[in-house]
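Everything below concerns the one structure shown next.
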Amino acid sequence: AALLILQLHDEEVAFWVLATVVNDVLPHYYHRSLYGLQIDQAVLAEYVQAELPKVHKHFQALSFDLAFVSTNWLLCAFINT
């Protein structure tokens, strides 16, 4: 939200842009089920397995769930990374 205010120089416009993103662009991300987030995490896990097999094997050896680090990243829609 702060980034939108800085870029748009208008709090009300920034609010409505954020509301549109949350409600229309990413509606399932901010729903109780977080269904959209779960889908993107599955896609990311498949991508890592296909494109970075050594990293995937290393994560498996450590019993590391990629969702542990990707949840915040994806929920913030890449704004604070």
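The values are calculated or read from the model by the stated rules, or taken from the named source; none is laboratory data. Please read all numbers here as calculations on a predicted model, not as lab measurements. Reconstructed Cβ throughout: ideal geometry from the backbone, glycine too, with neighbour counts over all protein chains shown. Heads up: the accessible areas ignore ligands, DNA and RNA and are worked out on the full protein's heavy atoms, side chains in. Shrake-Rupley method; radii C 1.70, N 1.55, O 1.52, S 1.80 Å.
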Number of positions in the stretch 68-81 that are open to solvent by less than 80 Å² (accessible area, probe 1.4 Å), in a loop (DSSP other than H, G, I, E, B) and in contact with a helix residue (DSSP H, G or I) (Cβ under 8 Å, 6 or more places away or on another chain): 1
So which residues in the stretch 33-67 are open to solvent by 100 Å² or more (accessible area, probe 1.4 Å), polar (S, T, N, Q) and not in a helix (DSSP H, G or I), if there are any at all? SER63
The residue that is surrounded by the most Cβ atoms within 10 Å (Cβ to Cβ), considering only those in the stretch 8-32 that are outside any helix (DSSP H, G or I) and at pLDDT 85 or above, is ASP10
Could you go through the stretch 23-34 and let me know if any residue there is touching a Phe, Trp or Tyr at 6+ places or on another chain (Cβ under 7 Å) and in contact (Cβ under 8 Å) with a residue 24 or more places away in the chain. no
